[in-house]
Amino acid sequence: MAAPTPLLKDELDIVIPTIRNLDFLEMWRPFFQPYHLIIVQDGDPSKTIKVPEGFDYELYNRNDINRILGPKASCISFKDSACRCFGYMVSKKKYIYTIDDDCFVATNPSGQKINALEQHIKNILCPSTPYFFNTLYEPFREGADFVRGYPFSLREGVPTAVSHGLWLNIPDYDAPTQLVKPLERNTRYVDAILTIPKGTLFPMCGMNLAFDRDLIGPAMYFGLMGDGQPIGRYDDMWAGWCCKVICDHLGLGIKTGLPYIYHSKASNPFVNLRKEYKGIFWQEDIIPFFQSLVLPNEATTVQKCYIVLAKQVKEKLSKVDPYFDKLADAMVTWIEAWDELNPAGASQANGKA
């Protein structure tokens, strides 16, 4: 019997940022091999990254980024996994799945290997329900539904823009939490998918994440991090806050929960503390900024929303630190570069107001 065709085989790219050989792909071969990979090599571009045989991939290093974007390459981070967003920009597919190279295949409580990519695709192809919380969580899963009292007018849901997966083993903790709980491991497998309610922000982790590039791609900018920047490890957080306020404005949904991957390696908490130190303080201003942000009705596309957001960042957050002035400029540069590489995307990425 012929194997079933993998879901969205020709409509999805897998984006992987890395500084090392991608031996971890061997484990993912049964799930990833049918798909096209975009590998964004960080660090020294003269280093050769080895990719296991049989994968269909394109690889970009810093020289390629500079060549393709010219002066606009300044908006892509260096020596930080935030460089992955370059892969989102050059992709020509409707969907993106991004994963870190220290993420392995997890097993569910029955001992079966979890096809994380397949679950993300199911999440994204099902509507979200951001306007009214369903106490049985994801109503579109087998064996679940909308509960009594759920308004029928809201049961169609809205398009899902982002699927945010979780991690077994090493949890995604900040440095202070890592330092006080160095041996903590996540062994709890929670069999649930939730839509994050409208008006609620969340910490988005970029190591097991899928999204609809047409619906939200231009907002998936991972900021200015790493080399030459005063902050790191807030790249995915920044993208998550931007995406959430834009999804809320455009009537799109974000899900979190399944699928799990196995996060194999804890990063050094002392190095992390140095990267996060300023962010831990700045966050106390950044979060209220996003909570109070109102996008105008004229902002009908992701790009328009993002440009308004960049202006607001410049106006309101540059008093926190001059870094935000630079970040706001980079946000505008990112959108210009996105539209240059995706001329059709300028009309596609409009969501539903």
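No value in this document is a laboratory result; all are computed from the given coordinates. Keep in mind it's a predicted model, so treat the numbers as computed, not measured. Cβ placement follows ideal geometry from the backbone for every residue including glycine, while neighbour counts extend to all protein chains displayed.
Take peptides 65-71, 256-262 and line them up by average Cβ neighbours within 10 Å, highest first, as a rough protection proxy. Don't skip to the end; give the middle numbers.
Working: 65-71: 15.1, 256-262: 21.6.
Going from most to least packed, we get 256-262, 65-71.
Mind putting a number on the dipole of the chain about its Cα centre? Charges go on the C-beta only, +1 for Lys and Arg and -1 for Asp and Glu, and I need it in Debye to the nearest 20. Before the final figure, lay out the partial values.
Working: 37 positive and 41 negative charges, 71 e Å.
Computed charge dipole of the chain: roughly 340 debye.
Counting other Cβ atoms within 10 Å of each Cβ, which GluC sites (Glu not before Pro) in the stretch 278-328 have at most 15 and sit in a DSSP loop?
On the way: sites: 284, 298, 315; in loops: 298.
When the GluC sites (Glu not before Pro) of the stretch 278-328 are filtered for loop state and at most 15 Cβ neighbours within 10 Å, 298 remain.
I want the local charge near residue 269. Using Cβ-Cβ distances under 12 Å, sum +1 for each Lys or Arg and -1 for each Asp or Glu among the other residues.
Numbers: positive: 181, 233, 274, 275; negative: 174, 184, 276.
Overall, the nearby charge balance is +1.
Of the candidates 297, 208, 61, which one comes out as most mobile in a Gaussian network treatment of the chain with C-alpha springs shorter than 10 Å?
Top of the fluctuation ranking is 297.
Once you've got the Cα coordinates, tell me which of 79/311; 94/304; 47/278; 181/278; 122/275; 92/275 are over 29 Å apart.
Numbers: 79/311 27 Å; 94/304 20 Å; 47/278 31 Å; 181/278 21 Å; 122/275 35 Å; 92/275 33 Å.
The answer is 47/278; 122/275; 92/275.
With θ set to phi - 60° and the Karplus curve 6.51 cos²θ - 1.76 cosθ + 1.60, what are the ³J(HN,Hα) couplings of the stretch 164-176 in order, to the nearest whole Hz, using x for Gly and Pro?
10, x, 10, 9, 8, 6, 7, x, 8, 9, 7, 4, x
If you add up the charges near residue 316, with Lys and Arg at +1 and Asp and Glu at -1, over every other residue whose beta carbon is less than 13 angstrom from its beta carbon, what do you get?
My count for the surroundings of residue 316 gives -1.
Can you list the residues, at least 5 places off or on another chain, whose amide H is less than 5 Å from the amide H of residue 166, using H built in the peptide plane?
Residues meeting the amide H criterion: 257, 260, 261.
Kindly point out which whole DSSP H helices in the chain project their C-alpha atoms 24 angstrom or further along the helix axis while averaging a Kyte-Doolittle hydropathy of 0.0 or above.
Details: long enough: 269-292 (33 Å, -0.30); 323-341 (27 Å, 0.06).
Passing helices, by number: 323-341.
Loop only by DSSP, 13 or fewer other Cβ within 10 Å of the Cβ. Give me the trypsin sites (Lys or Arg not before Pro) in the stretch 1-54 that pass, ordered by residue number. Before the final figure, lay out each step's value.
Values: sites: 9, 20, 47, 50; in loops: 9, 20, 47, 50.
Loop-located and lightly packed - 9, 47, 50.
Which one, 113, 122, 94, has the greatest fluctuation when you compute a Gaussian network model over the chain with C-alpha springs under 10 angstrom?
113
Amide H of residue 186 versus every other amide H placed in the peptide plane: which residues, excluding those fewer than 5 positions away on the same chain, fall under 5 Å?
Residues meeting the amide H criterion: 169, 170.
What shape does the chain take by its C-alpha gyration tensor, where a ≥ b ≥ c are the square roots of the eigenvalues and a/c under 1.5 counts as rounded, a/b above b/c as prolate, and the rest as oblate? Walk me through the intermediate numbers first.
Details: a/c = 1.26, a/b = 1.05, b/c = 1.20.
It comes out rounded by the Cα gyration axes.
Calculate, in nm to one decimal, what residue 154 and residue 181 gain on full extension: separation in residues at 0.36 nm each, minus their alpha carbon distance. Please report the intermediate quantities before stating the final value.
Values: separation 27, 0.36 × 27 = 9.72 nm, distance 4.19 nm.
Gain on stretching residue 154 to residue 181: 5.5 nm.
Run through the DSSP bridge list for the chain and note the antiparallel percent, rounded to the nearest 5.
Details: 16 of 41 bridges.
Here the share of antiparallel DSSP bridges comes out near 40 percent.
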